[in-house]
Amino acid sequence: MSADRDVTRIVRSWLHEDAYEDADRILNLVLDEVDTTPQRRASWLAWRFSAMNNIVRVGLAAAAVVIIAVVAINLLPGSGGLGGDPTPSPSPSVSPSAAEPTPVGLLPEGPHMILVPGTPQPDSVPLTVTLPADWYGEVGGGILAKNDNNEPPDGAGMIIFVQREYIVYGDACHWQTTLPDTPATTVDEFVAALSSQASRDASEPVDITLDGYAGKSITLEVPADVDFTDCDPGYGGSWDCGGDGMTPCGYHSGPGEIDTVYVLDIDGLIVAWNTKYYAGTPAEHVDELEAIVQSASFGE
């Protein structure tokens, strides 16, 4: 997923026209550096960022503007950066609370609020689960991974989406060209669309009840011989999180990925609770995924 064009537009809006050439050059340098820097747990990051709402993505773009602007200033002659003599300047003071990132790491065993209203999605519901040992995630952010690993061949993890409607692609591989005419707004519509989605094998939907809320679950399996380079634009996606069909959720980490999606209607909000694992995932880790789901308690 890329926001190159948005960042370019925002950068240009902050600079005078005669600075466009420098801005483009610097932007390209920065983006090239990002593209060539190895990323640890790339699928985890893709999964994380695809779940962000539009407001958060705009905030990230604004942060990128600040970084690029700083680089641009330092590259100008006489700025004290690479283009001129170094000139000492006082370091800006930053409030510790403003600089503090959202806690991500090993979560304690026992009851844990995995989903906090408004974090990371505006429409959300409080959700508490009971965690076994060695589960990692973002506090209140709706994402968990066993041993900090949700990647093939043996990872296990989950992510929870809460939306009022979902744009479910007709083909999980060729999602850019198979947008539906209308979004799914009910549990039945959502699960039916997943059942008929091409490029993945789907189980028969199963009726479920979690904490008194009725819904359905469905298991979707990515074929072991799939070549993601044939997909557009190089990865698979199940449904949209951005509202325009161009921001897939459920970025698939590799061939043979198995996703069980638990779908519930919580007072008009459709909860899509996506657990994933692989053929090489230890059976006890798969059992823990199911136990976490079954421990669900919605509400404060």
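Assorted remarks:
- Selection status of L220, part of a strand (DSSP E or B), over 22 Å from I114 (Cα atoms) and in contact with a strand residue (DSSP E or B) (Cβ under 6 Å, 6 or more places away or on another chain): yes
- Residue tally, condition within 27 Å of P255 (Cβ to Cβ) and either touching a residue at least 40 places away in the same chain (Cβ under 8 Å) or surrounded by 23 or more Cβ atoms within 10 Å (Cβ to Cβ) (or both), over the stretch 118-136: 1
- Residue within the stretch 240-259 that is open to solvent by 30 Å² or more (accessible area, probe 1.4 Å), aromatic (F, W, Y) and touching a helix residue (DSSP H, G or I) at 6+ places or on another chain (Cβ under 8 Å) present: yes
- Search result, residues across the stretch 154-170 that are farther than 20 Å from V263 by Cβ and either of a type in the set (D, E) or out of contact with any Ser or Thr (no Cβ under 8 Å at 6 or more places or on another chain) (or both): D154
- Residue within the stretch 185-199 that is part of a loop (DSSP other than H, G, I, E, B), hydroxyl-bearing (S, T, Y) and crowded, with 19+ Cβ neighbours inside 10 Å present: yes
- Here K216 meets each of (1) under 17 Å from the mean Cα position of the chain (by Cα); (2) open to solvent by 10 Å² or more (accessible area, probe 1.4 Å); (3) modelled with pLDDT of 95 or more with one exception, condition (1).
- Here E300 meets the list (1) assigned to a loop (DSSP other than H, G, I, E, B); (2) over 19 Å from I160 (Cβ atoms) almost entirely, failing just condition (2).
- Looking only at the stretch 263-279, and only at residues there that are open to solvent by 20 Å² or more (accessible area, probe 1.4 Å) and modelled with pLDDT of 95 or more, the one that is farthest from V222 (Cα to Cα): D265
- Residues of the stretch 224-273 satisfying the condition of being assigned to a loop (DSSP other than H, G, I, E, B), under 22 Å from L289 (Cα atoms) and within 15 Å of the chain's Cα centre (by Cα): G237, S238, G250, Y251, H252, S253
The values are calculated or read from the model by the stated rules, or taken from the named source; none is laboratory data. Since we're looking at a predicted model, the values are computed, not measured. Using ideal geometry, Cβ is built from the backbone for each residue, glycine included, and neighbour counts are taken over all protein chains shown. These accessible areas exclude ligands, DNA and RNA; they are computed on the full protein's heavy atoms, side chains included. Shrake-Rupley method; radii C 1.70, N 1.55, O 1.52, S 1.80 Å.
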